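Only one structure is covered here, and it is reproduced in the block below.
The values are calculated or read from the model by the stated rules, or taken from the named source; none is laboratory data. Keep in mind it's a predicted model, so treat the numbers as computed, not measured. Positions of Cβ are generated from backbone atoms using ideal geometry, with glycine treated the same way; all protein chains shown enter the neighbour counts.
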Amino acid sequence: MPDISIWTDYFGIYMKGFGNTVAASVIALLGSFAIGTIIAVFRISSVKPLRWAGTAYVEFIRNIPLLLVIFVFYYGLPSIGITLSGFICGTIGLMVYTASFVAEAIRAGIMSVPAGQTEAARASGLSYTGTMRHVVLPQAIKIVIPPLSNQFINLVKNSSILGVFAGFDLMYYGDQVAGKTYATFDTYLFVALLYLVLTLPLSYAALRLERRLAGNG
Amino acid sequence: MDIAGAFSYHNLIFILKGFGITLWVAFVAIALSFVLGSIAGTLRYMRIPVVSRILGVLVELIRNLPLLLILFFTYFAMPDIGVKLGVMSSAIVGLAVFEAAMISEIVRSGLSSIPKGQVEAARSSGLSYLQAVWHIVLPQGLRRMVPPMVSQFISLLKDTSLAIVISLPELMHNAKIVIAQSYDYTIPILAIVAVLYFAVNYALSLAAKRLENKRI
Amino acid sequence: MKNRSWMTAFVIVTMLAVVALTGCGSNEGGNGNNSGGANGGANGGEPSETSSALDAIKSRGKLVVGVKYDTKLFGLKDPASGKVEGFDVDIAKALAKQILGDETKLELKEVTSKTRIPMLNNNDIDMIVATMTITEERRKEVDFSDVYFKAGQSLLVKKGSPIASIDDIKKGTKVLAVKGSTSVDNIKAKAPDATVLEFDNYQDAFSALKAGQGDTLTTDNAILYGMEAQDPGYVVVGEPFTDEPYGIAIKKGSTDLLNSVNEGLKKLHDSGDYDKIYEQWIGKAPSGE
């Protein structure tokens, strides 16, 4: 049986980390959604340089580890005079990294709407933005939501990497308690439970949403 | 920035050694997770009473935890239940278990995407349930699983970098040792590390695309 | 036809996986032999654990020691040679010679301040020789040998920094330290206003200092001198503000191993070899007791 006192004695510390993990996740989630949408629009744009830039971003970032991305922000940026804290670097890193996956999900969703529909909408007098808003996006969203929700669950889990960069997240404080008490197993067990508190409801909600969309579609 | 110093012969060899470890660990973990994940996914698809339920709970638990924690558990907690692994084996087992949970979901949903009617038709033509799954569902499902599986394998290769927390001497770990020599090495070394990861992963994703286009 | 080719692919990949696994297993058996032995030895001797730790090492013919790989002067892996070198490594070699009669009968494993105690308790290593300060809290977890090195906590700053001693650490000063080290507790006690940022190992902490992520790095002066030697743009400032006696940590209750380590240390002092190792790494003779 785990030693419950390891959990109760340091509860405040865990909660501090938990709060920061939630904060980093929410900020990175919103940010990655915004960046990802822009990149997705770039990728399907008819302007070639934009398309190239979008593709380069997605292909490059998707194929290197998150650890490396944050590493560049944390240890590399200061060499050009920009020094940001571990929490900020970690959150930006999560944002930039997740955005590449978000962009792909959104692009795939938009592409899934048959081109004929766009043409028909345009032919019937809708503007490009009007076509996007009223015809393409409402359909695309159904296809986009399942992979997107998966990416956001990944994001929450990936936020644990902040601990490596003194980011004051749940993992960081978990390390601290483990280092202090030497109760490695019990400490990380509690950390695991706290992560599950965040991710399990998200997974469940994602599943429900997916089923509902599938039912309607 | 000191490019010449950063890319000295010894440093490059050291970085490549780390890359070798990254590739080896990723290869073994991919193979393992593929086998484990396929078995688990198929069992879940078949809805075998107790077994599928237990597997489902396990998969959900593992999928919803950060890999960083799972690596810590395989390294520090497994000995408590009598399984003792070195750094490399811990990394491989941790990665394989985590990714197997992901793969099993891919397999399960790939199999579920095959219409049930096909199984029924096969059974009415005299095949047993197992035969129907093996000959009818699995071959079709496998084809649909290729794209998500390959991106999962790319994830795994990237995730090997997290084994840095248990001091696995992989690419990122060795890169850090080189960077520690001089801050001027930081950018050049990170650049070459990025190129190495990118080269392998991009090649993998291109191969997957070709495979996909050929088959479908 | 197509179905069959898929089946074949599946079977081939499965077989590859099995081959890779067994290959990996035997591979690890090859170089991780002794750790497995350590485990078997310690577990096998469970009923009379106190007498078996030393016997296990002897029957295995190899001493497995956890050292730092990222700490210049004490234990640093050199990318050029791939060798781990330093004061702690030489002490470990000397102990291997004392216990097994041959300093090459030694296997080093990388530890960090965060991983060393769990690794010892998991029987991954026989002992820790890794700049480890003897503290009362740690005594509850492990047994310590006699002091084999005397260090004191100090500060490392970039040349020209306004910080000249612990008194200059004010509210908001960012102090870099390593997870699981005594320095974290000490600095929090001596400079409660400081913002302490903790990293997994000294390399990360030093890289963070170089990147300007903190104003000063704190740990034992001996380790800081190594960083100073690595990059002359950084200096150790102020007098040490704590005593950090280093001990060799051994799993609790392994009395015979502990005795043999202490005996080995004593012989090392008597023969003058200790002074030689000390001078080689620290650059001066050890100060009198």
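Counting only residues that are touching a helix residue (DSSP H, G or I) at 6+ places or on another chain (Cβ under 7 Å) and small (Gly, Ala, Ser), how many does the range B:126-150 have?
So the answer is 2.
Name the single residue that is farthest from the other protein chains (Cβ to nearest Cβ) among those in the range C:106-130 being assigned to a loop (DSSP other than H, G, I, E, B) and over 14 Å from A:Thr184 (Cβ atoms).
Residue satisfying both the conditions and the ranking: C:Val129.
If a residue counts only when it is more than 20 Å from C:Thr71 (Cα to Cα), which strands (runs of 3 or more DSSP E) contained entirely in the range C:202-286 have at least 1 such residues?
C:249-251
Is it true that A:Phe185 is within 20 Å of B:Ser151 (Cβ to Cβ), assigned to a helix (DSSP H, G or I) and not polar (S, T, N, Q)?
no
So which residues in the range B:68-115 are β-branched (Val, Ile, Thr), over 27 Å from A:Ala183 (Cβ atoms) and more than 19 Å from the chain's Cα centre (by Cα), if there are any at all?
The one that is β-branched (Val, Ile, Thr), over 27 Å from A:Ala183 (Cβ atoms) and more than 19 Å from the chain's Cα centre (by Cα): B:Ile114.
Please state which one of A:Phe152, A:Phe168 is closer than 26 Å to A:Ser85 by Cβ, under 19 Å from the mean Cα position of the chain (by Cα) and within 14 Å of chain C (Cβ to nearest Cβ).
Only one candidate qualifies: A:Phe168.
Any idea which of B:Ile3, B:Ile70, B:Ile48, B:Ile54 is in contact with a Phe, Trp or Tyr (Cβ under 7 Å, 6 or more places away or on another chain) and away from chain C (no Cβ under 13 Å)?
Within the list B:Ile3, B:Ile70, B:Ile48, B:Ile54, the selection yields B:Ile70.
What is the one condition in (1) surrounded by 16 or more Cβ atoms within 10 Å (Cβ to Cβ); (2) under 24 Å from B:Tyr185 (Cα atoms); (3) in contact with a helix residue (DSSP H, G or I) (Cβ under 8 Å, 6 or more places away or on another chain) that A:Ser85 does not satisfy?
Unmet for A:Ser85, out of (1) surrounded by 16 or more Cβ atoms within 10 Å (Cβ to Cβ); (2) under 24 Å from B:Tyr185 (Cα atoms); (3) in contact with a helix residue (DSSP H, G or I) (Cβ under 8 Å, 6 or more places away or on another chain): (3).
Report every pair of residues separated by at least 6 positions or lying on different chains whose Cβ atoms are under 8 Å apart, first residue within the range A:72-86 and at the interface with chain C (Cβ under 7 Å from one of its Cβ atoms) and over 16 Å from A:Val96 (Cα atoms), second among the aliphatic types (A, V, I, L, M) and buried (at least 20 other Cβ atoms within 10 Å of the Cβ).
These pairs meet every condition: A:Tyr75/B:Ile179; A:Tyr75/B:Leu190; A:Tyr75/C:Ala208.
Restricting attention to the range A:80-96, which residues are farther than 16 Å from C:Asp204 by Cα and either assigned to a helix (DSSP H, G or I) or among the hydrophobic types (A, V, I, L, M, F, W, C) (or both)?
A:Ile80, A:Ile82, A:Ile88, A:Thr91, A:Ile92, A:Gly93, A:Leu94, A:Met95, A:Val96
Report, by residue number, each residue of the range C:48-105 that is among the charged types (D, E, K, R), at pLDDT 90 or above and outside any helix (DSSP H, G or I).
The answer is C:Lys62, C:Lys68, C:Lys83, C:Glu85, C:Asp102, C:Glu103, C:Lys105.
The rows are residues; the columns are (1) surrounded by fewer than 23 Cβ atoms within 10 Å (Cβ to Cβ); (2) of a type in the set (Ser, Thr, Tyr); (3) within 14 Å of chain A (Cβ to nearest Cβ).
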{"site": "C:Met132", "(1), (2), (3)": "no, no, yes"}
{"site": "C:Asp146", "(1), (2), (3)": "yes, no, no"}
{"site": "C:Lys171", "(1), (2), (3)": "yes, no, no"}
{"site": "C:Leu176", "(1), (2), (3)": "no, no, yes"}
{"site": "C:Asp185", "(1), (2), (3)": "yes, no, yes"}
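For every residue, the table says whether it meets (1) more than 14 Å from chain C (Cβ to nearest Cβ); (2) out of contact with any Ser or Thr (no Cβ under 7 Å at 6 or more places or on another chain); (3) over 23 Å from B:Asn64 (Cβ atoms).
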site: A:Val113; (1), (2), (3): yes, yes, yes
site: A:Glu119; (1), (2), (3): yes, yes, yes
site: A:Met132; (1), (2), (3): yes, yes, yes
site: A:Tyr173; (1), (2), (3): no, yes, no
site: A:Ala178; (1), (2), (3): no, no, no
site: A:Val197; (1), (2), (3): yes, yes, no
site: A:Tyr204; (1), (2), (3): yes, yes, no
site: A:Ala214; (1), (2), (3): yes, yes, no
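Given the criteria facing another protein chain (nearest Cβ under 9 Å), in a loop (DSSP other than H, G, I, E, B) and over 22 Å from B:Leu171 (Cβ atoms), does B:Leu65 qualify?
yes
Quick one: is B:His173 surrounded by fewer than 17 Cβ atoms within 10 Å (Cβ to Cβ), of a type outside the set (Lys, Arg) and within 12 Å of chain C (Cβ to nearest Cβ)?
no
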